[in-house]
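The values are calculated or read from the model by the stated rules, or taken from the named source; none is laboratory data. All of these numbers come straight from a predicted model, not from anything done at the bench. In this analysis, Cβ positions are derived from the backbone assuming ideal geometry, glycine residues included, and neighbour counts consider all displayed protein chains.
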Ligand SMILES: Cc1cc2nc3c(=O)[nH]c(=O)nc-3n(C[C@H](O)[C@H](O)[C@H](O)COP(=O)(O)OP(=O)(O)OC[C@H]3O[C@@H](n4cnc5c(N)ncnc54)[C@H](O)[C@@H]3O)c2cc1C
């Protein structure tokens, strides 16, 4: 994106990638259909040490701009969940658009460019790699995060940032399954079970349009918890924090207000015992999950107060993850090049004229749902207009 925008402004651009195929993450994204943007993208959908940084680039290049590009190329698309736009056919179409745009600007695409080393001398950047030497008065680093190393992710971007004196906010896996340990590891025997929940962590409280709470599916895995609700919450999760799940989110529409799990037990004259508890949970949750929750300790007695207390617990069930499944499974890397060292309108390093950082390598991380690509496009355009 950055290369094509710069080339259209008449810049001579070489685009170096050590992979033999461009855009590999795009190709596998969104289950092969690429969730290329989100119509409701705002700065609240992003996490950064510097929360206002992303606003300027996101305002300059909005979801509708990328959508115009997709439509100009006649790529069929659809809105899957609220605001999430996907290709109807294949993510290849998105890589195709970017390559076509680059070709129109005569961008020299250099693949298999391995062993990149950068030196700077009197306002000029010299890049050495297995494909030769390149020099220019501007260098844009777009090496992404470190998640999914088998697709070619490396730490080069962070190393270059440090080489030029920029700080790096500790990179950590995000949009990633969480691992359970100790007694809670017992839940993994239910691997494969899914349920709609609201998930959140202390760190997410009040964040973004959803207030840091994500009402989506959670999935029990062989190691802990995943599914969109938990992946979203993982963006904000820090070691030591609890992951909180509401197992019966407030219902909407016709059933509004009937979010109680134990309502049946609280009816006048209703049975109040372990069997009735199990029955009530079975009605609302997958059977094995209901059994797990019941086995983890029911109410402290059968009084109204005890049932109310237990009801509250079911709406704020706390797990204590012992870690994440790491960069090998993370959809993105949170943290990265510290935005305090970058100009928000151009992505240029404040202290190093001509050096730019864009995309996931920067400490701006989007929620699940097309936000990470929108950031990649928007920050790429911002730099492409400035180099
Ligand atoms: C499985 C998966 C699914 C995803 N689905 C979506 C989705 O549907 N929607 C969404 O918004 N986001 C999604 N994401 C996130 C999204 O793919 C990234 O945020 C986005 O690709 C970041 O773009 P980027 O250009 O900054 O980095 P990348 O796309 O990672 O590109 C970085 C490039 O730099 C190259 N590179 C790295 N190191 C070196 C080096 N040392 N030398 C030379 N070249 C190097 C790489 O080969 C790569 O081509 C997904 C991520 C994953 C892993």
**Message:** Against the definition (without any contact (Cβ under 8 Å) to a residue 12 or more places away in the chain and under 25 Å from the mean Cα position of the chain (by Cα)), how does residue 240 come out, yes or no?
**Reply:** yes
**Complete:** Of the listed residues (342, 307), the one being more than 10 Å from the ligand (Cβ to nearest atom), surrounded by 17 or more Cβ atoms within 10 Å (Cβ to Cβ) and more than 23 Å from residue 170 (Cα to Cα) is 307
**Prompt:** Just one of 162, 126, 172 is closer than 23 Å to residue 219 by Cβ and either part of a strand (DSSP E or B) or without any contact (Cβ under 8 Å) to a residue 60 or more places away in the chain (or both); which is it?
**Reply:** 172
**Prompt:** Which of the residues that make up the range 17-53 are within 13 Å of the ligand (Cβ to nearest atom), under 21 Å from residue 142 (Cβ atoms) and assigned to a loop (DSSP other than H, G, I, E, B)?
**Reply:** 17, 18, 19, 20, 21, 22, 23, 34, 41
**Request:** Kindly establish whether residue 184 is away from the ligand (no atom under 16 Å from the Cβ), in contact with a strand residue (DSSP E or B) (Cβ under 6 Å, 6 or more places away or on another chain) and not in a strand (DSSP E or B).
**Result:** yes
**Message:** Checking the structure you have, find out if any residue of the range 232-242 is within 22 Å of residue 283 (Cα to Cα) and touching a strand residue (DSSP E or B) at 6+ places or on another chain (Cβ under 6 Å).
**Reply:** no
**Prompt:** Is it the case that residue 25 is touching a residue at least 24 places away in the same chain (Cβ under 8 Å) and more than 17 Å from residue 382 (Cα to Cα)?
**Reply:** yes
**Request:** Being surrounded by 15 or more Cβ atoms within 10 Å (Cβ to Cβ) and part of a strand (DSSP E or B) is the filter here, so list the residues in the range 98-119 that pass it.
**Result:** 109, 110, 118
**Prompt:** Which condition breaks for residue 156 when tested against (1) modelled with pLDDT under 95; (2) near the ligand (Cβ under 10 Å from one of its atoms)?
**Reply:** (1)
**Message:** Quick check on residue 132: is it over 25 Å from residue 48 (Cβ atoms), free of Cβ contacts under 8 Å to residues at least 40 places away in the same chain and within 16 Å of the ligand (Cβ to nearest atom)?
**Reply:** yes
**Asked** Do we have residue 383 as under 20 Å from the mean Cα position of the chain (by Cα), more than 8 Å from the ligand (Cβ to nearest atom), buried (at least 24 other Cβ atoms within 10 Å of the Cβ) and within 26 Å of residue 9 (Cα to Cα) here?
**Response** no
**Message:** Can you find, within the range 349-361, the residue that is nearest to the chain's Cα centre (by Cα) among those that are within 24 Å of residue 45 (Cβ to Cβ) and more than 8 Å from the ligand (Cβ to nearest atom)?
**Reply:** 357
**Fill in**
(1) in contact with a helix residue (DSSP H, G or I) (Cβ under 6 Å, 6 or more places away or on another chain); (2) touching a residue at least 12 places away in the same chain (Cβ under 8 Å); (3) away from the ligand (no atom under 13 Å from the Cβ) all hold for residue 377 apart from (3)
**Which listed residue is touching a helix residue (DSSP H, G or I) at 6+ places or on another chain (Cβ under 9 Å), assigned to a strand (DSSP E or B) and under 22 Å from residue 382 (Cβ atoms), from 85, 69** = 85
**Asked** Going by the structure shown, is residue 178 buried (at least 20 other Cβ atoms within 10 Å of the Cβ), within 28 Å of the chain's Cα centre (by Cα), more than 16 Å from the ligand (Cβ to nearest atom) and modelled with pLDDT of 95 or more?
**Response** yes
**Pairs where the first residue, in the range 359-372, is farther than 23 Å from residue 341 by Cα and the second is assigned to a strand (DSSP E or B) and within 6 Å of the ligand (Cβ to nearest atom), C-beta under 7 Å, 6+ apart** = 369/35; 370/35
**Message:** Of everything in the range 283-304, what is touching a helix residue (DSSP H, G or I) at 6+ places or on another chain (Cβ under 6 Å), surrounded by fewer than 15 Cβ atoms within 10 Å (Cβ to Cβ) and within 17 Å of residue 267 (Cβ to Cβ)? Give them in sequence order.
**Reply:** none
**Message:** I need the full set of residues from the range 63-82 which are crowded, with 17+ Cβ neighbours inside 10 Å, in contact (Cβ under 8 Å) with a residue 60 or more places away in the chain and either within 18 Å of the chain's Cα centre (by Cα) or more than 22 Å from residue 386 (Cα to Cα) (or both), in order please.
**Reply:** 63
**Asked** When residues of the range 191-227 are filtered for being in a helix (DSSP H, G or I) and surrounded by 19 or more Cβ atoms within 10 Å (Cβ to Cβ), how many remain?
**Response** 1
